[in-house]
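The values are calculated or read from the model by the stated rules, or taken from the named source; none is laboratory data. A quick note: this is a predicted structure, and the numbers were derived from the prediction, not measured. Cβ: placed from backbone, ideal geometry, glycine included. Neighbour counts: every protein chain shown. Accessible surface areas use protein heavy atoms only, side chains included; no ligands, DNA or RNA. Shrake-Rupley method; radii C 1.70, N 1.55, O 1.52, S 1.80 Å.
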Amino acid sequence: MEEVKLLGVWPSPYSYRVIWALELKGVKYEYVKEDLANKSDLLLRYNPVHQKVPVLVHNEKPIAESTVILEYIEETWPHNPLLPTDPHERAFARFWIKFLDDKSPTLVGLYLTVGEEQEKATKEVRELLKIIEEQGLGEKKYFGGDKIGLADLVFGFIPVWLGVLEESAGVKVTKPDDFPRLQVWIENFRENPVIKANLPDPHQLLAHSKQKREVLLASKIA
Amino acid sequence: MEEVKLLGFWPSPYSYRVIWALKLKGVKYEYIEEDLSNKSDRLLQYNPVHKKIPVLVHGGKPIAESLVILEYVEETWPQNPLLPKDAYERALARFWIKFGADKGPIFSAFFRSTKEELDQNAIKEMVEYLKILEEQALGDKKFFGGDNIGLVDIAYGWLCHWFIGMEEMGGVKLLGPSTVPRLHAWAENFKQLPIIQENLPDYTKLLAHFKSLREKNTASDAR
């Protein structure tokens, strides 16, 4: 009998990428809540190099790093594929997954700054969203094409977390008419039954983000 | 047969990752040298998002980002496989490739600093990184890939030539037999493979290039 465990934390977009992939493929797993302020022996044993979540443990073998886990899930449970079959399209998906992860400091920057720095960060995020919409999404329904795929799960950061970061930081990056194609993708993403059934509580997420921001900004001033 | 082109830049370790993978698989390709100080329309067309090299162009379709290109090469030309068959082993390989990619800033900082500025903390971080690679990624294996090289070896290949140059400029020796004996042995073994030996930029030219980059950085910092 196959045993699948997922070590994660509820506010983390990285944990959710893996949850969504497992759920989309109907893989049964046990979710293990970690407390990053008080890391369990299990976490330290399963991810000694980074001591971070998420970690997938399949038949006692641990895999760390969300994008590595996503590729593993895709290869191990190939039904309901989340990557295209064509190698060039797969490369395209991987390129955009890397793009979002490499740009995460910019996205988070908007939340960690104030005043002039925050204005600059807001502008940078708008530029990013423009590139994402025009070059990443283009005319497609999903980043992966006709169906939701790994790239969409990674870009899931935008519908679920970006708005929360904006609200906790008291900024608004986009106006209602901005990025119309991206807005449509956001709606399609949120309406997907598996995604809809596996989202963090928005109120809790907002409260958590606000609190975290206060702590982080205070430590910057100190 | 579809045409394969590689847009690269001679001092770049990222270009060489792709060259090594293509050569190991016996894939015929046309190499195009790009001038990064004067980017061609071709580069801007093939990599509009980042405008960087390397870019692989296969049958007219471009792929950018060296690690993405490596996965593409592995899938498109499965002969002489560079990733393990087992899914878990593949995950471990990808984990270590990502580890190297994420720790890039440690080395950029080292590259930029002068001998006087060389931060003891930065040195400590780099040694720690090399030790983790040696103990956890390489272990007792000859190569990261096992008996034969694979994508992980290719990803870390820069250590055996480019990093040596950086060490020489910084007046330090970190990747040595006294600090990391097994990793040092790996570097020697890797560099001696014919495919690697025949496909490396000239060391003296590379060092001169590093020096000119450093001077440019210092000049712009001084402004």
- [ ] Could you tell me which residue of region B:121-151 is modelled with the lowest pLDDT, considering only residues that are open to solvent by 50 Å² or more (accessible area, probe 1.4 Å) and either on the phi > 0 side of the Ramachandran plot or assigned to a helix (DSSP H, G or I) (or both)?
- [x] B:Asn121
Task: Residue that is more than 9 Å from every other protein chain (Cβ to nearest Cβ) and within 30 Å of A:Asp35 (Cβ to Cβ), where the choices are A:Asp101, A:Asp86 - done: A:Asp101
Open item on the list: Could you go through region A:48-70 and let me know if any residue there is open to solvent by 60 Å² or more (accessible area, probe 1.4 Å), in contact with a helix residue (DSSP H, G or I) (Cβ under 8 Å, 6 or more places away or on another chain) and more than 14 Å from every other protein chain (Cβ to nearest Cβ).
Closed with: no
TODO: Select from region A:1-35 the residues that are in a loop (DSSP other than H, G, I, E, B), of a type in the set (A, V, I, L, M) and surrounded by 13 or more Cβ atoms within 10 Å (Cβ to Cβ) and list them in ascending order.
DONE: A:Val9, A:Val27
- [ ] Kindly provide the set of residues from region B:69-85 that are open to solvent by 10 Å² or more (accessible area, probe 1.4 Å) and outside any loop (DSSP other than H, G, I, E, B), ordered by number.
- [x] B:Glu71, B:Tyr72, B:Glu74, B:Glu75, B:Thr76
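Within region A:123-140, is even one residue open to solvent by 20 Å² or more (accessible area, probe 1.4 Å), in a loop (DSSP other than H, G, I, E, B) and more than 30 Å from A:Val27 (Cα to Cα)?
yes
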Task: Selected residue (criterion: nearest to A:Val108 (Cα to Cα)) from residues of region A:163-222 that are open to solvent by 90 Å² or more (accessible area, probe 1.4 Å), at pLDDT below 90 and part of a helix (DSSP H, G or I) - done: A:Lys220
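Looking only at residues in region B:54-68 that are open to solvent by 20 Å² or more (accessible area, probe 1.4 Å) and under 15 Å from the mean Cα position of the chain (by Cα), which one is farthest from the other protein chains (Cβ to nearest Cβ)?
Among them, the one singled out is B:Leu67.
Provide a single number: the residues in region B:128-153 that are closer than 16 Å to B:Lys85 by Cα and more than 14 Å from chain A (Cβ to nearest Cβ). Spell out the reasoning first.
Here is the first cut: in region B:128-153, the ones closer than 16 Å to B:Lys85 by Cα are B:144-152.
With the extra rule that they be more than 14 Å from chain A (Cβ to nearest Cβ), the set shrinks to B:144-150.
Within region B:128-153, residues that are closer than 16 Å to B:Lys85 by Cα and more than 14 Å from chain A (Cβ to nearest Cβ) number 7.
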Task: Criterion (open to solvent by 20 Å² or more (accessible area, probe 1.4 Å), within 30 Å of B:Leu22 (Cβ to Cβ) and not basic (Lys, Arg)) met by exactly one of B:Glu167, B:Glu198 - done: B:Glu198
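What residue, of B:Arg17, B:Arg90, is among the charged types (D, E, K, R), closer than 30 Å to A:His50 by Cα, at the interface with chain A (Cβ under 9 Å from one of its Cβ atoms) and touching a helix residue (DSSP H, G or I) at 6+ places or on another chain (Cβ under 8 Å)? Let's see the steps before the verdict.
Numbers: B:Arg17 fails: at the interface with chain A (Cβ under 9 Å from one of its Cβ atoms).
Sole residue among the options that is among the charged types (D, E, K, R), closer than 30 Å to A:His50 by Cα, at the interface with chain A (Cβ under 9 Å from one of its Cβ atoms) and touching a helix residue (DSSP H, G or I) at 6+ places or on another chain (Cβ under 8 Å): B:Arg90.
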